[in-house]
Amino acid sequence: MGKFYNSITEAHAAFIRDQHIFFVATAPLGADGRINLSPKGLDSFRVLGENEVGYMDLISSGNETSAHTLENGRITFMFCSFEGDPRIMRLYGKGRAVLPGSEEWDHFAPYFTIFPSTRQIIIAKIDLVQTSCGFGVPLYDYAGERDLHFDWAEKKGADGLKEYMEKNNLKSLDGLPTDFGKQ
């Protein structure tokens, strides 16, 4: 079952900093809605306080996290150790998207490396932390980050990225509006 905590301890934060990948999960309220689970990397996750975290989110093919958190806020992050001691950590909370140009952007952006293709920062208030063994998680060697996204974004340019977001990031797979869709 694991252990439960009401906040992120310094040991939890250290574990998070050591991971090269994390997963974010959200879901709409509707029973027939699709659950979204996405892997993230690029040293984009930050512990901002004992009950607050955030990650820098790049433009991609969909924007489910924005749509789901706009609808209901529910968000879960999962970290797994793929090297060293086996451990899994989940952070449960309520998330929201912070968009470039918004009032909160200037507060949160300095915590992250912001790229031309940064779409938003997802901020979450965490109300439950769960740790458990990772005995079933395989060992993997970290080989580095991929450059493909940045090459793609550079070829698109600012206007191409805006056009891509307008085409692909305004609604979820289930038709829910994203934070970009409500602007």
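What follows draws every value from the coordinates through simple rules; no lab data is involved. Given the structure is predicted, the values throughout are model-derived calculations rather than measurements. Cβ sites come from the backbone with ideal geometry, for glycine too, and all protein chains shown count toward neighbours.
Of 148, 168, 123, which is farthest on the positive side of the dipole of the stretch 39-183, counting Cα position, with +1 on Lys and Arg Cβ, -1 on Asp and Glu Cβ, and the Cα centre as origin?
Selected residue: 168.
Beyond 29 Å between alpha-carbons counts as too far, so tell me which of 125/155; 94/167; 40/171; 3/171; 94/162 fall in that bin.
Beyond 29 Å between Cα atoms: 125/155; 3/171.
Specify the longest stretch of the chain that does not include any exposed loop site, a site being one of the GluC sites (Glu not before Pro) with a non-H, G, I, E, B DSSP assignment and at most 16 other Cβ atoms within 10 Å.
Here the longest segment lacking exposed loop sites spans 1-49.
For the chain, what is the calculated [θ] at 222 nm in deg cm²/dmol (nearest 500), taking -39500 (n - 2.57) for each run of four or more DSSP H residues and dividing by its residue count?
-7000 deg cm²/dmol
Two decimals is fine: what is log10 I(q)/I(0) at q = 0.15, 0.27, 0.30, 0.32 Å⁻¹ for the stretch 126-165, from a Debye sum with one equal scatterer on every Cα and no solvent?
Debye output, listed in q order: -0.70, -0.94, -1.04, -1.07.
What are the trypsin sites (Lys or Arg not before Pro) within the stretch 94-174 that DSSP puts in a loop, where the Cβ has at most 14 other Cβ atoms within 10 Å?
On the way: sites: 94, 96, 119, 125, 146, 155, 156, 162, 167, 171; in loops: 146.
In loop regions of the stretch 94-174 (DSSP not H, G, I, E or B), the sparsely surrounded trypsin sites (Lys or Arg not before Pro) are 146.
Please state the Cα pair-distance histogram of the stretch 54-183 with 10 angstrom bins from zero: what percent is in each bin?
In whole percents, the pair-distance histogram is 12, 33, 35, 18, 2.
Report the residue, chosen from 61, 44, 102, that carries the largest GNM mean-square fluctuation when the chain is represented by alpha-carbon nodes joined by springs under 10 Å.
Of 61, 44, 102, the most mobile in the Gaussian network model is 102.
Could you estimate the translational diffusion coefficient of the stretch 63-137 from the Stokes-Einstein equation, with Rh from the Kirkwood formula over C-alpha pairs, at 20 °C and 1.002 mPa s, in whole µm²/s?
In µm²/s, the coefficient rounds to 152.
Once you list every other residue whose beta carbon is under 12 Å from the beta carbon of residue 21, what net charge do they have if Lys and Arg are +1 and Asp and Glu are -1?
Within the 12 Å Cβ shell, the charges total -2.
Report ³J(HN,Hα) in whole Hz for each residue of the stretch 52-68, in order, from the Karplus equation J = 6.51 cos²θ - 1.76 cosθ + 1.60 where θ = phi - 60°; Gly and Pro get x.
The phi angles translate into 9, 9, x, 9, 7, 10, 8, 4, 8, 5, x, 9, 4, 4, 4, 5, 5 Hz.
Among the trypsin sites (Lys or Arg not before Pro) within the stretch 1-58, which fall in a DSSP loop and have no more than 15 other Cβ atoms within 10 Å of their own Cβ?
34
Compute the distance from the alpha-carbon center of the stretch 1-34 to that of the stretch 65-99, in whole Å.
4 Å
With +1 on each Lys and Arg Cβ and -1 on each Asp and Glu Cβ, how big is the dipole of the chain about its Cα centre, in debye rounded to the nearest 20?
For this selection, approximately 420 debye.
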